[in-house]
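Below: the structure, in structure tokens.
The values are calculated or read from the model by the stated rules, or taken from the named source; none is laboratory data. All figures in this text were calculated on a predicted structure; none of them were measured in a lab. Cβ coordinates were reconstructed from backbone atoms using ideal geometry, including for glycine residues, and neighbour counts include every protein chain displayed.
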Amino acid sequence: MIVLLADLLTLGVAVAISPLSIVAVILMATSGKGRTNGTAFLIGCYTWGIVFVGILVLLGRAAGADEPDSGPHITIDVIEIILGLAMLFLALRQWQSRNSHEPPKWMASLDGLTVWKAFLVGILLAGPASPKDLPLLVAASGRISQAFLPVGEVIAVILIFGAIGVTAIAVPWFISVVSPSKVEVRLSGMRTWLVTNHAVIMTVLFVILGFKLIGAGVADLAG
């Protein structure tokens, strides 16, 4: 289990590094809704991660992905290589948009969200609407599906991986809870920096992850 978590650590950290999600939490926090909407957003992100990965792992293990020489095992390795190539393509797209520093228009509507809508936005930004997180979660699901572990340990890995994936957005949320009076001072600079450098951050991340996934998939097939 520890070996699998170590293998998933890079993917988990990559999921956590989501500048737009971090900015969304900061905006909620600086508008005075960090304790309510920020909490709902954080729970939404975590819920999507563990449910989506859990379903894919269930399907993978049911198909026999945890058997080293099985067809599903090989298929997962091939998918991992394809996801790595997709990451390199996304890196190119992000680099081409590096001169755009405007935040997405949907961020202007965050102040008016209800708690339930904040939860749904968290779900959307954690995967369905994220060109980064969705393939990362698929890759993590494949890795977990291939692991020869008891069901209890597989569930624990999924829960821990989900927690790693929300650590970065949990930081501004935590500040809004423990120090709401100083949120604007502490987070405004971070918000501006993330919006300004979003494309460059994502380009570097996509390149690193692309080569990691390609390398891991090729190594598994070769081994």
Test: residue in the range 173-194 that is out of contact with any His (no Cβ under 8 Å at 6 or more places or on another chain) and under 26 Å from Ala86 (Cβ atoms): yes
Sole exception among (1) buried (at least 22 other Cβ atoms within 10 Å of the Cβ); (2) within 12 Å of the chain's Cα centre (by Cα); (3) aliphatic (A, V, I, L, M) for Val121, by number: (2)
Residues satisfying the stated conditions in the range 1-36, i.e. hydroxyl-bearing (Ser, Thr, Tyr) and assigned to a helix (DSSP H, G or I): Thr10, Ser21, Thr30, Thr36
Meets criteria (in contact with a helix residue (DSSP H, G or I) (Cβ under 9 Å, 6 or more places away or on another chain), surrounded by fewer than 21 Cβ atoms within 10 Å (Cβ to Cβ) and either over 22 Å from Val121 (Cα atoms) or at pLDDT below 90 (or both)) for Met190: yes
Selection status of Ser130, assigned to a loop (DSSP other than H, G, I, E, B), under 21 Å from Gly210 (Cβ atoms), among the hydroxyl-bearing types (Ser, Thr, Tyr) and touching a residue at least 24 places away in the same chain (Cβ under 8 Å): yes
Members of the range 208-223 that are surrounded by 15 or more Cβ atoms within 10 Å (Cβ to Cβ) and closer than 14 Å to Ile17 by Cα: Leu209
Filter result (within 20 Å of Leu124 (Cβ to Cβ), modelled with pLDDT under 85 and small (Gly, Ala, Ser)) within the range 25-54: Ala29, Ser31, Gly34
